[in-house]
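Q: After the structure tokens below, expect a handful of questions from me.
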Amino acid sequence: MMELSTAGVASAVHEAISTNVVARGVGSGTWLFGGPVANDAAAAVVRPRGGVIEYTPGDLVISVHAGTTLEELSAVCAASDQMLAIAPYGSPRSTIGAVVATASAAPLSYEDFTIRDLVLGLTAVTGTGDIVRVGGKVVKNVAGFDLVRLNTGAFGTLGVITEVSIRLHAKPIMDHVVTGTLDDAPNAWVLRLIANRAPLPMLVRMAPGEPTQLFARCTGNEARASALRGIVQSYGARSAFTLGPSDTSSASESASPVSLLRHVPEQALVLRARTKPSHGASLIDAARFAFPEAALLFHPARGSIRITTLATENADTRVAAFVASAAPSMPFSIVVEQGASPLPQANALDFSVKQAFDPHGILNRRRPGAV
Ligand SMILES: Cc1cc2nc3c(=O)[nH]c(=O)nc-3n(C[C@H](O)[C@H](O)[C@H](O)COP(=O)(O)OP(=O)(O)OC[C@H]3O[C@@H](n4cnc5c(N)ncnc54)[C@H](O)[C@@H]3O)c2cc1C
């Protein structure tokens, strides 16, 4: 499969318009079955090329072609002791264009950054074959409607992303994952974690028959990292110990303690639900009631929970029951990541935006079931 420049992607989209075939922006193809878009076997695959366009370590900014893999990006930045703060990521083969398109967030990312916080600018080819360049290469660059963030998480429905400029961070001297068990009473520890939260990324993993485990990423110089570790213990994490470096280089990917948190079997039902952090304990209760067999990963700062279960029978009915039980009692949103029909989300505004960028309906379409 040929890897295309921005002009090549524009030609491919024009070709798709003239032949009325769906044009699908694709990276390494590791997650074509997930998210809200249809995995249309008849779609024409449009794969943007990889490679660095410009890297200025002094500015902590890199511009790359969208097909650059996270492994390549990490290697280039590591040479200047810098990193992409969304690591540790799902797969070293993931391309940066796809990470932006899917707004994939890493578990325990550095200082809790998401890709939405880090993309400074991008180039995309719309469904009319036009090339749009939005944002720039500096942190304060948004004037008017923010088309960078509109394309981030749009799953390629508004444009095929071909180039991305990203803000980088210096690698901290110490970078460790600390873990410990929590008493199994969410209403107590959720409030404690929210009230005392230090500037450190944390996740709580709950699975039937296993102790509830807190993971925290402690970074900085030696003094800061050890102070943060002390804070983790003060949260009530019994027998907190350092699991190991949250090393994000590809060589140590599978050995990283975070690999435990991000493994997602292809056949699993995966949901991400979110509420206000202060309603976290109620969200956990609702998730446990609806999916007693599932592994739950709770993010106290975001008030979000990822539910992963291999029990996929009657998935749509179970998701609907979960929504019906949780939604009336708290501010609540939910995304089906895989394994069930997407929930209706599109509204009149979404529809008009899609019409504006893709009037022929030639780019990624939402799966049946979504409005
Ligand atoms: C349930 C599940 C949850 C996941 N969650 C995370 C997570 O939280 N954190 C994480 O790091 N990884 C996550 N991933 C893994 C996955 O590695 C990322 O989504 C990654 O971005 C995929 O990279 P890829 O290059 O293989 O994308 P692909 O599989 O090629 O594409 C993924 C999607 O993005 C679209 N797309 C790809 N490239 C472009 C482009 N240039 N322009 C427009 N659209 C494009 C595709 O059409 C497709 O819909 C998850 C995977 C699964 C199965």
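Q: Could you tell me whether Ala79 is over 22 Å from Arg149 (Cβ atoms) and more than 9 Å from the ligand (Cβ to nearest atom)?
A: Against the criterion (over 22 Å from Arg149 (Cβ atoms) and more than 9 Å from the ligand (Cβ to nearest atom)), Ala79 qualifies.
Q: So, one more: Residue by residue through the stretch 276-298, note down the ones that are aliphatic (A, V, I, L, M) and assigned to a loop (DSSP other than H, G, I, E, B).
A: Start the filter on the stretch 276-298 by keeping residues that are aliphatic (A, V, I, L, M), which leaves 281, 283-284, 286-287, 290, 294-297.
Hit for the stretch 276-298 is Ala294, nothing else.
Q: Quick one: is Glu3 more than 8 Å from the ligand (Cβ to nearest atom), within 28 Å of Gly220 (Cα to Cα) and surrounded by fewer than 22 Cβ atoms within 10 Å (Cβ to Cβ)?
A: Values: more than 8 Å from the ligand (Cβ to nearest atom): yes; within 28 Å of Gly220 (Cα to Cα): no; surrounded by fewer than 22 Cβ atoms within 10 Å (Cβ to Cβ): yes.
Answer is no for this residue.
Q: Would you pick out the residues in the stretch 53-75 that are buried (at least 17 other Cβ atoms within 10 Å of the Cβ) and more than 15 Å from Gly27 (Cα to Cα)?
A: Passing the criteria: Tyr55, Val61, Ile62, Ser63, Ser74.
Q: Out of the residues in the stretch 92-122 that are under 21 Å from Ala154 (Cβ atoms), within 11 Å of the ligand (Cβ to nearest atom) and in a loop (DSSP other than H, G, I, E, B), state the one that is farthest from the chain's Cα centre (by Cα). Outline the logic, then answer.
A: Of the residues in the stretch 92-122, the ones under 21 Å from Ala154 (Cβ atoms) are 94-106, 109, 113-122.
Narrowing the set further to residues that are within 11 Å of the ligand (Cβ to nearest atom) leaves 94-106, 109, 114-115, 122.
This time we only want the ones that are in a loop (DSSP other than H, G, I, E, B), so: 94, 103-106, 109, 114.
Details: Ser94: 12, Ala103: 5, Ser104: 2, Ala105: 2, Ala106: 6, Ser109: 10, Thr114: 7 Å.
In this case the residue turns out to be Ser94.
Q: Which helices (runs of 4 or more DSSP H) does the stretch 153-264 wholly contain that include 2 or more residues that are at pLDDT 70 or above and among the small types (Gly, Ala, Ser)?
A: Details: elements: 186-195, 222-234, 259-262.
Passing ranges, in order: 186-195, 222-234.
Residue by residue, here is whether (1) in the same structural domain as Glu163 (by TED's automatic domain parsing); (2) touching a residue at least 24 places away in the same chain (Cβ under 8 Å); (3) more than 25 Å from the chain's Cα centre (by Cα); (4) more than 10 Å from the ligand (Cβ to nearest atom) holds:
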{"position": "His14", "(1), (2), (3), (4)": "yes, yes, yes, yes"}
{"position": "Ser18", "(1), (2), (3), (4)": "yes, no, yes, yes"}
{"position": "Arg24", "(1), (2), (3), (4)": "yes, yes, no, no"}
{"position": "Gly29", "(1), (2), (3), (4)": "yes, no, no, no"}
{"position": "Leu32", "(1), (2), (3), (4)": "yes, no, no, no"}
{"position": "Ala38", "(1), (2), (3), (4)": "yes, yes, no, no"}
{"position": "Ala42", "(1), (2), (3), (4)": "yes, no, yes, yes"}
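Q: Then there's this: Looking at Ala301, Ala273 in this structure, which one is crowded, with 17+ Cβ neighbours inside 10 Å and either away from the ligand (no atom under 13 Å from the Cβ) or part of a loop (DSSP other than H, G, I, E, B) (or both)?
A: Numbers: Ala301 fails: crowded, with 17+ Cβ neighbours inside 10 Å.
The match here is Ala273.
Q: Still on this model: Please determine whether any residue of the stretch 54-62 is within 12 Å of the ligand (Cβ to nearest atom) and either more than 25 Å from the chain's Cα centre (by Cα) or in a strand (DSSP E or B) (or both). Can you show your working first?
A: So the first thing to find is which residues in the stretch 54-62 are within 12 Å of the ligand (Cβ to nearest atom), and the list is none.
No, the stretch 54-62 has no match at all.
Q: Quick one: how many residues across the stretch 308-325 are more than 16 Å from Pro265 (Cα to Cα) and assigned to a helix (DSSP H, G or I)? Before you say what the answer is, go through the steps one by one.
A: Of all residues in the stretch 308-325, those more than 16 Å from Pro265 (Cα to Cα) come to 314, 316-325.
Narrowing further to those that are assigned to a helix (DSSP H, G or I): 316-325.
The total comes to 10.
The values are calculated or read from the model by the stated rules, or taken from the named source; none is laboratory data. Quick caveat, the model's predicted, so the values are computed rather than measured. Because the Cβ atoms are built from the backbone with ideal geometry, glycine has one as well, and the counts that use them run over all protein chains shown.
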